[in-house]
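One structure is given here, and the rest of the page talks about it.
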Amino acid sequence: MAEQLKNRNEMSKEYTWRLDHIYENDSLWEADHERVERMAEGVKAYQGKLAESAEVLEAAIKGVMEMSRAYEKVSVYAHMKSHEDSGESKYQGFASKADSLESTVEAASAFLAPEILAIPDEKLQGFIQSSAGLQFYRKYIDEICRSKPHVLSTKEEMLLAKAREVAGGPSNIYNMLNNADITFPDIRDSAGHEVQVTKGRFVLLLENEDREVRKAAFSSFYSSYEKQKNTLGALLYSNVKGNIFFAESRRFNSAREAALFDSNVDMAVYDNLITVVRKKLPLLHRYMKLRKKVMGLSELHMYDLYTPMVKAQSVVIPYPEAVEKVKQGLARMGETYLKDMEQAFQGGWIDVYENKGKRSGAYSWGCYDSHPYILLNHSDNINNMFTLAHELGHAMHSYYSDRTQPYAYAQYKIFVAEVASTCNEALLMNHLLGGTRETQMKLQLMNYFMEQFRSTVYRQTMFAEFEKEIHERAECGEALTAELLSEIYLELNRAYYGPDVVMDPEIAMEWSRIPHFYNSFYVYQYATGFSAAMALSKAIIDVQEGALERYLEFLGSGGSDHPVELLKKAGVDMSTPAPVENALSVFEALLEEMEGLL
């Protein structure tokens, strides 16, 4: 009989997060939900009055900030509670109410940007000069002014704000389908026992030494998505059309340009990434050829890519041991960082193990008025130890930004969101490689590190190219059917993985299981963030003068400047191809060393 997941109420409290740190009970959440609705009405009272005086303008901005801060707390709690068990209708209802409230909040503040932009420049600058409060909000106002070509009239902005709730439908439906409704046929393990296939166990099953187990898990998993392909295709196409609608409404040339605008990232950064990675595809092909040779396979299939290519030592890393290894790996960050990080383990920040209905994957989240939280679906292996280090990087980035910056400037942009997490992984890897003298273990760690390059730089760039192509096709009026999406995705896999990998037809459906495609043009930042992190971690490891201090300052910088500028201050210039090229040079060096050892 297949091992069944526990229900949420059966999980040990020791390994679950403490959301009562946000709200002690649901009644307090409901009270805050109502309070945000009243705050929205209060904000609306400033509509049509911003040009009257500096005092009115300051009060309006402050009111919007306070409303946004209160809404963030309401939203985070509701959604995190819903992620504990997607089958718990009460908290799915909370999440839906929070989503509706978001539309209310956006609609209430929709007048702000258009009215600020309508104030003559000379008058606006006079307001700012005469008011210490407005000087504090200067960067916020400057960002609004930067968006002037893309801000509509107040009525139009209100309509777009209301439309966002409807436009979020594809993502919401996908999440319910993907997390609550899709189930997978059981398979048999090497001993003939039934095993329940879940999203949380899928990659673990693909790491299995028994090739028949890997193949069976691969087939079980994608056959379930294949059965829903038309629904999944329609959802993704609807999401793309929503992106195009909002981009065109705001007078952007493309959905991609609109997505990159918020972080003030030039599209050349995106294009440079694809260009450099495409140029370096022969390295990935060479790695695939080595994998095929070392594994002794006549054919290398997609389900063979996750299992270690070298004979792995049996390394079981229970969660408590993973915690200790991560602490050791991050010792270079200094005593203060380690002391602050200890709160994550002792203070109810982390939800560790998978349970029935729990959201898949891992993330770090929270609000300005709470400590950060981490959701895991931990299994006792090396990969999940690195996931812990990764999510702690996110959490500490948020922790330091929230402690250092006022609410208006605490939130860092997505472009830098993966830097701290990947830097943590690089530091942990350096520590582990430096601490082993045994060749087989070193090969095992190198294999893992190379897989990080494959999955984070190459694979995420392939995802980014997929997003670019499907949006461009839709912008040209082409309908995105499930068949077309699969065709595009399969061709990209062929190009990226090369002639030594058999393109199993099931992999054509992989696009349907990637939730990040509903947060469009996000994934390229995994690759750029990884590249930046390689440079920053190397500087810390090499004890370059001022490197750690600059990096810690970066962690506390939040959104106080544009992300490309923040990284420049930390020592990495992402406006050039150099960081991606240098990161793949590290991959090439690892590949050459591994070829020599094998």
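The values are calculated or read from the model by the stated rules, or taken from the named source; none is laboratory data. Keep in mind it's a predicted model, so treat the numbers as computed, not measured. Here the Cβ positions follow ideal geometry from the backbone for every residue, glycine too, while neighbour counts run over all protein chains shown.
Here are a few things to note about the model shown:
- Residue under evaluation residue 511, criteria (1) at positive phi; (2) at pLDDT 95 or above, criterion not met: (1)
- Against the conditions (1) at pLDDT 95 or above; (2) more than 33 Å from the chain's Cα centre (by Cα); (3) farther than 26 Å from residue 409 by Cα, residue 57 satisfies every one except (3).
- Checking each residue in the range 126-143 for being under 27 Å from the mean Cα position of the chain (by Cα) and in contact (Cβ under 8 Å) with a residue 40 or more places away in the chain picks out 139, 140.
- The residues of the range 565-596 that are closer than 16 Å to residue 419 by Cβ, buried (at least 21 other Cβ atoms within 10 Å of the Cβ) and not small (Gly, Ala, Ser), listed by number, are 566, 567, 572, 574, 579, 580.
- Matching entry among 373, 303 (being out of contact with any strand residue (DSSP E or B) (no Cβ under 8 Å at 6 or more places or on another chain), among the hydroxyl-bearing types (Ser, Thr, Tyr) and at pLDDT 95 or above): 303
- The residues of the range 330-364 that are crowded, with 18+ Cβ neighbours inside 10 Å and either part of a strand (DSSP E or B) or at positive phi (or both), listed by number, are 348, 350, 351, 364.
- Only one of 195, 203 that is of a type in the set (Val, Ile, Thr) and buried (at least 18 other Cβ atoms within 10 Å of the Cβ): 195
- Just one of the numbered conditions (1) touching a residue at least 60 places away in the same chain (Cβ under 8 Å); (2) closer than 29 Å to residue 136 by Cβ; (3) touching a helix residue (DSSP H, G or I) at 6+ places or on another chain (Cβ under 6 Å) is not true of residue 102: (3).
- Considering (1) at pLDDT 95 or above; (2) out of contact with any Lys or Arg (no Cβ under 6 Å at 6 or more places or on another chain), the lone condition that residue 84 does not fulfil carries the number (2).
- Residue in the range 166-186 that is within 27 Å of residue 264 (Cβ to Cβ) and among the β-branched types (Val, Ile, Thr) present: no
- Any hit, the range 495-503, residues being at pLDDT 95 or above, surrounded by fewer than 18 Cβ atoms within 10 Å (Cβ to Cβ) and over 18 Å from residue 282 (Cα atoms): no
The rows are residues; the columns are (1) of a type outside the set (S, T, N, Q); (2) surrounded by fewer than 20 Cβ atoms within 10 Å (Cβ to Cβ); (3) within 19 Å of the chain's Cα centre (by Cα).
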position	(1), (2), (3)
369	yes, yes, no
383	no, yes, yes
389	yes, no, yes
399	yes, no, yes
409	yes, yes, no
419	yes, no, yes
430	no, yes, no
441	yes, yes, no
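- Residue check, residue 110 aliphatic (A, V, I, L, M) and part of a helix (DSSP H, G or I): no
- Answer residue from the range 146-156, given it is part of a helix (DSSP H, G or I) and loosely packed, with under 14 Cβ neighbours inside 10 Å and is farthest from the chain's Cα centre (by Cα) among those: 155
- Count of residues meeting criterion [assigned to a helix (DSSP H, G or I) and in contact (Cβ under 8 Å) with a residue 40 or more places away in the chain] in the range 302-320: 4
- Here 73, 123 are screened, and the one residue that is farther than 18 Å from residue 161 by Cα, in contact (Cβ under 8 Å) with a residue 40 or more places away in the chain and in contact with a Cys (Cβ under 6 Å, 6 or more places away or on another chain) is 73.
- Residues in the range 272-293 that are over 27 Å from residue 580 (Cβ atoms) and either of a type in the set (Ser, Thr, Tyr) or surrounded by 15 or more Cβ atoms within 10 Å (Cβ to Cβ) (or both): none.
- Per the conditions (1) surrounded by 14 or more Cβ atoms within 10 Å (Cβ to Cβ); (2) at pLDDT below 95, the sole criterion not satisfied by residue 12 is (1).
- Of the residues 517, 530, the single one that is crowded, with 19+ Cβ neighbours inside 10 Å, modelled with pLDDT under 95 and within 21 Å of residue 464 (Cα to Cα) is 530.
- Residue in the range 307-315 that is farther than 20 Å from residue 492 by Cβ, of a type in the set (D, E, K, R) and touching a His at 6+ places or on another chain (Cβ under 7 Å) present: no
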